[in-house]
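Only one structure is covered here, and it is reproduced in the block below.
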Amino acid sequence: MHELINSLQQYHHEKAHVLSQIDSLVLEIGKREQSARTELRALLESFHSGAESAHHHNEELILLELRKTAVPIHRLIENISEEHAAFHRILGRLNARVVDSSISCEVVSSDIIWFARQYDEHATAEETIFFPAADNALSSDAWSRVEKAWRR
Ligand SMILES: [Fe+2]
Ligand SMILES: [Fe+2]
């Protein structure tokens, strides 16, 4: 895979680790409510960060170049930009809700589990469909354009 794709995969790998920490903490939320909520908020913040925005921006640069090729765009990849925008909105709300004690543990837990599942499905589609397609189809000129606009 192209080195830029490798760096996106590395980011996914780090995020998968955070998602597994989130999964374990969600189980704790009923037992030690306030501290678990605070820890969950800190983990969720990393999905609503400058690094997350840069990751989305960089994937969208690659998608833009992929759209210029003759390669058909898979339906799961067609909407990744909309999904990125949706994740940003969802996380903004979720980060406020997770520490709002007027919202029950059950509701907060199910919101977080739902988000984690959506994010995991999104990243899996990128890993299995989008990245291999881009790696095969993008020319070195296309990669140069991507690299120029890449956010580090
Ligand atoms: Fe993405
Ligand atoms: Fe991604």
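Pairs, please: C-beta under 6 Å, at least 6 apart or cross-chain, first residue over 16 Å from Glu126 (Cβ atoms) and among the small types (Gly, Ala, Ser) and in the stretch 77-96, second modelled with pLDDT under 95 and not in a loop (DSSP other than H, G, I, E, B)?
Pairs found: none.
Restricting attention to the stretch 104-121, does a residue exist that is more than 14 Å from the chain's Cα centre (by Cα), of a type outside the set (Gly, Ala, Ser) and surrounded by 19 or more Cβ atoms within 10 Å (Cβ to Cβ)?
yes
Of the residues that sit in the stretch 86-103 and are in a helix (DSSP H, G or I), over 12 Å from the mean Cα position of the chain (by Cα) and hydrophobic (A, V, I, L, M, F, W, C), which one is farthest from ligand 2 (Cβ to nearest atom)? Before you say what the answer is, go through the steps one by one.
At the first step, the residues of the stretch 86-103 found to be in a helix (DSSP H, G or I) are 86-98.
Now drop any that are not over 12 Å from the mean Cα position of the chain (by Cα), which leaves 89, 92-98.
Keeping just the survivors that are hydrophobic (A, V, I, L, M, F, W, C) gives 94, 96, 98.
Working: Leu94: 18, Ala96: 24, Val98: 22 Å.
Applying the filter and picking the extreme gives Ala96.
Could you pull out the residue among Asp120, Asp141 that is in a helix (DSSP H, G or I), within 16 Å of ligand 2 (Cβ to nearest atom) and among the charged types (D, E, K, R)?
It is Asp120.
If you check Phe47 against the conditions, is it modelled with pLDDT of 95 or more and outside any helix (DSSP H, G or I)?
Yes: the conditions hold for Phe47.
From (1) more than 16 Å from ligand 1 (Cβ to nearest atom); (2) touching a Leu at 6+ places or on another chain (Cβ under 7 Å), pick out the condition that doesn't hold for Ser35.
(2)
Within the stretch 122-147, take every residue that is within 16 Å of ligand 1 (Cβ to nearest atom) and of a type in the set (Asp, Glu) and give me the one that is surrounded by the most Cβ atoms within 10 Å (Cβ to Cβ).
Ranking the candidates gives Glu126 first.
From the list Ile73, Ile62, Ile80, which residue is within 11 Å of ligand 1 (Cβ to nearest atom), over 15 Å from the mean Cα position of the chain (by Cα), surrounded by 12 or more Cβ atoms within 10 Å (Cβ to Cβ) and hydrophobic (A, V, I, L, M, F, W, C)?
Ile62
Working only within the stretch 7-19, note down all residues that are exposed (fewer than 12 other Cβ atoms within 10 Å of the Cβ) and away from ligand 2 (no atom under 12 Å from the Cβ).
Of everything in the stretch 7-19, just one residue is exposed (fewer than 12 other Cβ atoms within 10 Å of the Cβ) and away from ligand 2 (no atom under 12 Å from the Cβ), namely His17.
For Ser24, indicate whether it is exposed (fewer than 14 other Cβ atoms within 10 Å of the Cβ) and away from ligand 2 (no atom under 16 Å from the Cβ). Even if it seems obvious, please write down each step before you answer.
Numbers: exposed (fewer than 14 other Cβ atoms within 10 Å of the Cβ): yes; away from ligand 2 (no atom under 16 Å from the Cβ): yes.
Against the criterion (exposed (fewer than 14 other Cβ atoms within 10 Å of the Cβ) and away from ligand 2 (no atom under 16 Å from the Cβ)), Ser24 qualifies.
Please go through the stretch 21-31 and pick out each residue that is in contact with a helix residue (DSSP H, G or I) (Cβ under 9 Å, 6 or more places away or on another chain) and in a helix (DSSP H, G or I).
Answer for the stretch 21-31, where residues must be in contact with a helix residue (DSSP H, G or I) (Cβ under 9 Å, 6 or more places away or on another chain) and in a helix (DSSP H, G or I): Gln21, Ile22, Asp23, Leu25, Val26, Leu27, Glu28.
What tally of residues in the stretch 19-47 results from selecting those that are within 19 Å of Ser110 (Cβ to Cβ) and free of Cβ contacts under 8 Å to residues at least 60 places away in the same chain?
12
The values are calculated or read from the model by the stated rules, or taken from the named source; none is laboratory data. Remember, predicted model here, so these are calculated numbers, not experimental data. Note that we place each Cβ from the backbone using ideal geometry, even for glycine, and neighbour counts take in every protein chain shown.
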